[in-house]
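In what follows, a structure is listed as structure tokens, so that the remarks can point back to it.
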Amino acid sequence: MSLYLLQHYLVFIRNKLDALSSFLYRAKITYYWTKKMLEIAKSNRKQLTLLFFMGFAGILSILPILPQMLSLSPLETSFSVPIMQLITVLQSSILLLVMLLIGNYFSSRVELTAPLTRAIAESDNALKQLKYQIKPVVIGGVIGGIFILLFTQSMSSYLPSEFLAAGEKLILPWYSKLLYGGITEEILIRWGLMSFIVWCSYRITQKKDSEVKSYNYYLAIVLSALLFGILHLPAASMLSSELTISLVVYIIIGNGAFGLVAGFLFWKRGLECAIGAHMTAHILMNVAGVLFNT
């Protein structure tokens, strides 16, 4: 009996040692990448600070509607609304900072840029960069906004009535759409996620130091847009007791479709172009909502 127990004890110890070894390995990898990202961030500190505060403004803009969102959630919380708002700010700020560092590290390796904020940070000719982006901002924003409006109208009759009723109660303020949707989401999804996906695709399919081929960008544009749409499903489940096929399609395409436009603009003209187009699309949709009561 004692031998049997000893064997089980040794197996237990071995499993714990394996788990510890795995944890230490992951910690080592995390430390290595964090150190590299922070080293590179030092040389770009002013631009990253500017981008952080732009994204942070978007985080603050959603706080007024947090009580409404909590009231629609099926999960009860013992925390007060101010505490939940503080937790939201802290979590979102950490995520924003992490994605800024990721984007800063990987974007430079696959020729993705944020030229306007860089010019501002370096006291360069920011006006020249702004002029270069105005036309694609307007075109991309209008095309994206019109598509979302038409898609929403065409899908409304197929969506659960419970979802539509809840959606009418939970309407984001215009400033939240512009600041969080237009700026914060673009930093998270395009600057952080898309840059990382481009780099992963590049390193898997091409030799190091070779020119980044176009298919890497197209793949990253589609994947980042798709993931962005999928990430909205939990919020949709809060507004409807049933996730129907039509609702899933509506959420993924409705939220992800503009990502194709924004991703292309990020690739060709820079992050601020994607931000500007996203904000333009929201302005167009808000104006259409007021004029046509949609």
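The values are calculated or read from the model by the stated rules, or taken from the named source; none is laboratory data. Just so it is clear, the structure is predicted and the values come from calculations on it, not from any experiment. We place every Cβ from the backbone using ideal geometry, glycine too, and count neighbours over all the protein chains shown.
Here are the numbers for the structure shown:
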quantity	calculated
Residues of the range 94-110 satisfying the condition of being within 17 Å of S43 (Cα to Cα) and either part of a loop (DSSP other than H, G, I, E, B) or charged (D, E, K, R) (or both)	S108, R109
Residue within the range 146-167 that is farther than 21 Å from Y250 by Cα, within 24 Å of the chain's Cα centre (by Cα), loosely packed, with under 15 Cβ neighbours inside 10 Å and not charged (D, E, K, R) present	no
All positions within the range 197-242 that are hydroxyl-bearing (S, T, Y) and over 17 Å from the mean Cα position of the chain (by Cα)	S201, Y202, T205, S210, S214, Y215, Y218, S237, S240, S241
Hits in the range 154-178 (condition: touching a residue at least 60 places away in the same chain (Cβ under 8 Å) and outside any loop (DSSP other than H, G, I, E, B))	M155, Y158, E162, F163, A166, G167, K169, W174, Y175, S176, K177, L178
Check on R203, at pLDDT 90 or above, closer than 23 Å to Q47 by Cβ and surrounded by fewer than 24 Cβ atoms within 10 Å (Cβ to Cβ)	no
One residue from Y217, Y250 being more than 30 Å from A165 (Cα to Cα) and touching a residue at least 24 places away in the same chain (Cβ under 8 Å)	Y217
Members of the range 100-109 found to be surrounded by fewer than 22 Cβ atoms within 10 Å (Cβ to Cβ) and closer than 17 Å to G263 by Cβ, listed by number	I102
V89 part of a helix (DSSP H, G or I), surrounded by fewer than 15 Cβ atoms within 10 Å (Cβ to Cβ), modelled with pLDDT of 90 or more and of a type outside the set (S, T, N, Q)	no
Any hit, the range 225-236, residues being surrounded by 18 or more Cβ atoms within 10 Å (Cβ to Cβ), free of Cβ contacts under 8 Å to residues at least 24 places away in the same chain, closer than 13 Å to L164 by Cα and touching a helix residue (DSSP H, G or I) at 6+ places or on another chain (Cβ under 6 Å)	no
Residue list for the range 247-276, filter: farther than 9 Å from E186 by Cβ and among the small types (G, A, S)	G254, G256, A257, G259, G263, G270, G276
M99 vs. criteria touching a Gly at 6+ places or on another chain (Cβ under 6 Å) and either among the acidic types (D, E) or at pLDDT 95 or above (or both)	yes
Residue within the range 123-144 that is in a loop (DSSP other than H, G, I, E, B) and surrounded by 14 or more Cβ atoms within 10 Å (Cβ to Cβ) present	no
Residue match in the range 245-266 (condition: surrounded by fewer than 16 Cβ atoms within 10 Å (Cβ to Cβ) and either touching an Asp or Glu at 6+ places or on another chain (Cβ under 6 Å) or hydroxyl-bearing (S, T, Y) (or both))	yes
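Okay, residues lined up against (1) aromatic (F, W, Y); (2) under 16 Å from the mean Cα position of the chain (by Cα):
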{"residue": "L66", "(1), (2)": "no, no"}
{"residue": "P82", "(1), (2)": "no, no"}
{"residue": "L95", "(1), (2)": "no, yes"}
{"residue": "I102", "(1), (2)": "no, yes"}
{"residue": "F106", "(1), (2)": "yes, yes"}
